[in-house]
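Inspection log for the structure reproduced underneath, given as structure tokens.
The values are calculated or read from the model by the stated rules, or taken from the named source; none is laboratory data. Fair warning: this is a prediction, and the values are worked out from it, not measured in the lab. Cβ placement follows ideal geometry from the backbone for every residue including glycine, while neighbour counts extend to all protein chains displayed.
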Amino acid sequence: MKSRLSVVAAVALVFMSGVLLAGQASRAGGALDIKVLSNRADLLSGGDALVEVMLPAGTDVSALRVRLAHGENGGHDVTSAFARRANGAVQGLVTGLPIGRSTLVASLEGRGAREVRIPLTNHPKGGPIFAGPQVQPWICMTEEAGLGPATDQQCNAPSRVEWFYKSSTPPPPQQGRQGGAAGGTLFKPYNPAAPPSDLAMTTTDEGKTVPYIVRREMGTIDRGIYVFAVLADPTAPAPTPFNPPAAWNRKLYWTFGGGASPGHRQAAPGNVLLDTQLSRGFAVATSSLNTFGNSFNSVVTAESVMMLKEHIVETLGEIRYTISTGGSGGAMQQQLLANAYPGLLDGIEPSASFPDIWKNFREISDCYLMLRYFKEDAPQMWGDVTVRNAVMNNANEMPGTCEAWRNTRLTWGDPTVGCVPTGGRGGTAPDAPPAWIYNPATNSKGTRCTLQDYQAAIFGRRPDGFANRPYDNVGVQYGLRALHSGTITPEQFVDLNEKIGGLDIDLQWAPQRSVADAAALDIVYRTGQLNLGHQITIPVIDNRGCRNTEVHSCYHSYVTRARIQQSQPGAVNHVIFLSAPAGTAFLALDGWVAAVKADTSGDPLTAKVARHKPADVTDSCWIDGQRTTDMAACRAANPYFGNAHLGAGDTIEDDVLKCQLKPLRRADYGVTFTDAQWARLQAAFPGGVCDWAKPGVGHTAVVPWLSFADGPGGTPLGAPPRAN
């Protein structure tokens, strides 16, 4: 077993203590104090902030004076924004914050010169805040979204509020899906001037029965297009943080979209008209930057989630907790955010899950290399697909994980495509590329549409201007387990490893193995882009249908489990549901998180998560519609396998991008090589072979809440501003 580094928990706690824990601010009478509720005081955006002022016991709110100072002037009075609200707290929505730093000052009349102040830092609505320089060019799509023309280069546009309702008449069969901008036929546009006769009612999880009418807001934040929806009354005054919609349960449900594309366009957000969640009183939210098929950068995902949550708090009020869902690329985002930006999400439900991007990149790149070799270099030696699948450590369910990839290269690793939709992973011809896209022959200085170039703000650039890349296959002994089991011969093993080759920076096959850029290796671990899972302490229900016939194969869930276990023995916070009925995981997660958030003790989050884990929330599978927790039966019905790295001897944690090397020793193989074969093997591995007992090169613990505003590699945000 590889040695593991300890979790850098203190940084996360410092961050979480000052932001995104809406509703947790102290309201007990004490010294005069100020707390910013909608975000950290130094990460604000959009020009406003929800603020609470704590008054000494017995102080009347009429004595409070609040001003906003900027630069050298004494500031202007904003006292009128504050009042004692229905929750008993003195709160106000401070608007008109200038870009940059200002100071909010609170004082009490008749109490001498005593005052407290807190610095506020407001960022542009279009970002960035901590994600670093934004990729260029960027194509605005506000008109396509119905928001009108963009008003600036950040693709900002006025927001829009629309109303929908659920009909009391069931939709026709097969037409009740919740897809599309308006949720298919399940929801219809609502006109307050002409209320429909088929308006349904709903009862929330707080027992409130209300007309099933939904307020949906769409606008722009961080160069993306956001959308959120909530039950509301169109005849009532517009919601405020102090007068939220009466049916809102103060819970937030976030959707993350799948796919994989380093796109350079604003794109459209996903659907938020979700019946299961809205009917129970949840608000539902997402942004076009929360779909990896649009924006393949988890730091940008985190930034856009943070900014939109701030806006929702400033529009609807404080949030009890946030739970989320999303498959494939949506699962990556949830797990990457839970690990590297803890506090944004309180419980996650990944499906068709992968733990991160770069492991997936390496797995699919290995598939390409191996399929290319099998079918082009040595087809006469590898005609049996069952043997090929064994070498790749894939299930022998046709066609098999790698075989399903059809010997095609990743569009999101190819610099000449990926900026625009391409019709899939090489199966159909891409759209004609824009003139600004990189071409090695005709436009070598053009925009490179690759995963690493899209994440250049994280990884930095090489001397040639291309982004650093952590992909590496030096020393990997492909097919090692198959050799040990006798599935392949020594000659097959040697031939494979001397001819497999690698992928150059343009994702073209090369006869030599790929070598990672050294700068990227430390960064990929430190930033959590290779997700070790050590900071994933919130409830997780990995909800998947188990299949092994393509890249979303079952073993990925167990990789995440194994990684979490390295810092949390038993991984009590991680549960796997296989083939669960629709809604089962959501309801279980909601109940679990609700109990954790209701625990006001000072115990660590890990203790609360374990203490309040419901007895029936445990690893389970559904066989012919019947639930069982017999994991032997589940494993028999839902077998899982691995990938080419595991087939090369790596452990189930699968967390090595570049391996440390050890010398070749004939005694390690348990088979007989001829002298000629051994000489060829030595030539294939001149520096040695992977030592899987050691951590990967650059292996280090994640540092949570890194900012890339000052450059690649990231800088910890540090402690949040506090009033003094």
Inset, instruction - State whether one or more residues within the stretch 550-562 are under 30 Å from ALA404 (Cβ atoms), modelled with pLDDT under 95 and of a type in the set (A, V, I, L, M). - result: yes
Legend entry - Sole residue being touching a His at 6+ places or on another chain (Cβ under 9 Å), among the charged types (D, E, K, R), in a loop (DSSP other than H, G, I, E, B) and surrounded by 19 or more Cβ atoms within 10 Å (Cβ to Cβ), chosen from ASP650, ASP654: ASP654
Legend entry - Qualifying residue in the stretch 207-220 (condition: in contact (Cβ under 8 Å) with a residue 40 or more places away in the chain, within 29 Å of PRO124 (Cα to Cα) and touching a Cys at 6+ places or on another chain (Cβ under 8 Å)): yes
Legend entry - ARG65, sole failed condition from (1) of a type in the set (Lys, Arg); (2) modelled with pLDDT of 95 or more; (3) outside any strand (DSSP E or B): (3)
Inset, instruction - Tally the residues that are closer than 16 Å to VAL494 by Cβ, assigned to a loop (DSSP other than H, G, I, E, B) and modelled with pLDDT of 95 or more, restricting the search to the stretch 657-687. - result: 9
Legend entry - Cβ-Cβ under 7 Å pairs, at least 6 apart or on other chains, the stretch 38-55 side in contact (Cβ under 8 Å) with a residue 12 or more places away in the chain and among the acidic types (Asp, Glu), far side part of a loop (DSSP other than H, G, I, E, B) and buried (at least 24 other Cβ atoms within 10 Å of the Cβ): GLU52/LEU37
Inset, instruction - Could you list all residues from the stretch 497-519 that are part of a loop (DSSP other than H, G, I, E, B) and either farther than 19 Å from ARG461 by Cα or free of Cβ contacts under 8 Å to residues at least 24 places away in the same chain (or both)? - result: ILE500, GLY501, ASP504, GLN508, PRO511, GLN512, ARG513
Inset, instruction - Answer with yes or no whether ARG101 is basic (Lys, Arg) and closer than 30 Å to THR715 by Cβ. - result: yes
Inset, instruction - Would you check if there is a residue in the stretch 617-633 being under 29 Å from ALA693 (Cα atoms) and either aliphatic (A, V, I, L, M) or out of contact with any helix residue (DSSP H, G or I) (no Cβ under 7 Å at 6 or more places or on another chain) (or both)? - result: yes
Inset, instruction - Residues being farther than 19 Å from SER45 by Cβ and not acidic (Asp, Glu): count how many of those fall in the stretch 154-171. - result: 11
Legend entry - Test for LEU55: is it over 35 Å from the mean Cα position of the chain (by Cα), of a type in the set (A, V, I, L, M, F, W, C) and over 30 Å from GLU303 (Cβ atoms): yes
Inset, instruction - Select from the stretch 132-158 the residues that are within 26 Å of the chain's Cα centre (by Cα) and β-branched (Val, Ile, Thr) and write down the one among them that is nearest to VAL300 (Cα to Cα). - result: VAL135
Legend entry - Boolean, THR276 is over 22 Å from VAL210 (Cα atoms) and either touching a His at 6+ places or on another chain (Cβ under 7 Å) or among the β-branched types (Val, Ile, Thr) (or both): no
